[in-house]
């Protein structure tokens, strides 16, 4: 049994309030985007560059004031300082698992950590984060750095966020960057999804840039597109449980809800014509 990267939730599973449970579900549904290391790294770089570009050559005391008053800078600094310790811990954690099982362990550990993350007060609105400068600016401004009573909470927020981002990076095909040996191919293509017919479709999905070389969804592939691919794939392979098969495969949740949304709007996902051609025999 692998030692967990973070402590168990203080609230036992199944005892969450409806509000917290909804928050957990939202975080899990959009985990690849919300915990994208690339997106977080980009925002940190922007904050640091902007801060130093606007830094005024003041005396040392005033310099410290500039540092403490710039919340975006402090967000970037807090997360980057956390990275070194959590990165080393993740590598040690991974050594306790065989490479062919490490990917699944990472997916399960991320699910568990999201439950930890969701109960942190500071993270209560993280599921609403959008990929724009204003959302990040507002979030950074609302971190109570000067509240001594919330210091432990802030540390836990950054630590858990950092681990989630690294795990997401590993899940999405970047294990080698951390010196980890993950056999993505062995995990991804098994059973009916590794049949001759299925492999033909996977090859075309790779060529059309819906999935990567390990058959994992690319960041540019929307949840609606993933749903549509899963639906046509399942119909073609005559799978009984189309949603669960691909939810487990890709490590995502609630594809049926995406189907419902598209039906309600009366719209097909972008590039649906391309997906139709892939599965047209």
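The values are calculated or read from the model by the stated rules, or taken from the named source; none is laboratory data. As the structure is a prediction and not an experimental result, all values here were calculated from the model. Here the Cβ is made from the backbone with ideal geometry for all residues, glycine too, and neighbour counts use every protein chain on show.
Residues that are part of a helix (DSSP H, G or I) and at pLDDT below 90 do not occur anywhere in the stretch 204-213.
Residues that are in contact with a helix residue (DSSP H, G or I) (Cβ under 9 Å, 6 or more places away or on another chain), at positive phi, surrounded by 21 or more Cβ atoms within 10 Å (Cβ to Cβ) and not assigned by TED's automatic domain parsing to the domain that holds residue 75 do not occur anywhere in the stretch 232-248. Within the stretch 122-146, if we keep just the residues that are more than 24 Å from residue 48 (Cβ to Cβ) and out of contact with any helix residue (DSSP H, G or I) (no Cβ under 6 Å at 6 or more places or on another chain), the residue that is surrounded by the most Cβ atoms within 10 Å (Cβ to Cβ) turns out to be 124. In the stretch 181-195 there is no residue that is over 30 Å from residue 94 (Cα atoms), in contact (Cβ under 8 Å) with a residue 60 or more places away in the chain and surrounded by fewer than 20 Cβ atoms within 10 Å (Cβ to Cβ). Taking the stretch 66-80, which residues are exposed (fewer than 14 other Cβ atoms within 10 Å of the Cβ) and at pLDDT 75 or above? Correct list: 69 only.
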